[in-house]
């Protein structure tokens, strides 16, 4: 068979002249092969597209799971880092962190509206007060001594409290946070210390140093002198109170002194 021979393709229709194409033998064979293979190629392309779609869906689900696992691991890592930091602290700092957490739990358990500020009774009746009575005196002139259970009205946050003894004085550093952040808060910080008999002695801090006005954050550093009655004690406990104008005591908690 001659490779140069031609094939004639006729398309005949009723009532009209026929249409004729002359094609080479190679073109005719290629056209036949294409017509036979085209359905197979289309089927293979459809199967490949469906396979790629399923693979993409599985990879998206795996990516979502990995992102969730990554978030969980990051949260766990942060908790472990805090625990590691706590274990690295000295014993007094550990006790301080535990007391801060306990103060937050106690503040959550009691309603802020149930807290009452009691006026200091006359001097002749002070000795008749039991050890569990809460005593508070708020004046505009100077902070007065008060004692009682832990108080946290969540108006002013107290964080990063560090108390260190320096000879016959203390260095008290703490952060004051405005929990509301809607209005400026003004007030003062008062500190007292327990003596050997369990009595609270007011630490003298200049009013301009103890006073504060905060919109969001303020770092306070106080350096009161130790009363002579407690200078020989090996372990000391300081009571920190935060007073707000027209609100009285909004925070009270005890903190150990680092030696």
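Computing FRET efficiency as 1/(1 + (r/R0)^6) for residue 24 and residue 57, where r is the C-beta to C-beta distance and R0 is 30 Å, gives about 0.05. Projected label points at residue 196 and residue 67, each 7 Å from Cα along the beta carbon direction, are separated by 6.6 nanometres. Look at the alpha carbon pairs under 8 Å that are at least 6 residues apart: their mean separation over the length of segment 158-197 gives a relative contact order of 30 percent.
Peptides 217-223, 151-157, 12-18, 74-80, ordered by how many other C-beta atoms sit within 10 Å of their residues on average, highest first, read 151-157, 217-223, 74-80, 12-18. Kirkwood radius for segment 148-204, taken over all pairs of different Cα atoms as the inverse mean of 1/r, rounds to 13.7 Å.
Each peptide in 54-65, 22-33 receives the mean, over its residues, of other Cβ atoms within 10 Å, and ordering these scores from highest gives 22-33, 54-65. Panel note: the C-alpha atoms of segment 160-252, placed on their principal axes, show extents of 45, 23, 21 Å (largest first). A simple spin-label model places the labels of residue 32 and residue 160 8.8 nm from each other, with each point 7 Å out along Cα-to-Cβ. For segment 1-88, just say rounded, prolate or oblate: build the C-alpha gyration tensor, square-root its eigenvalues into a ≥ b ≥ c, call rounded for a/c under 1.5, and beyond that prolate if a/b exceeds b/c, oblate if not. The shape class here is prolate. As a calculated quantity, the FRET efficiency between residue 168 and residue 208 at R0 = 25 Å, using C-beta atoms, amounts to about 0.65.
Where a number appears in this text, it was derived from the coordinates with a stated rule and is not lab data. Predicted model only: the values in this text are computed from it and were never measured. Here Cβ is always computed from backbone atoms with ideal geometry, including for glycine, and neighbour counts include all displayed protein chains.
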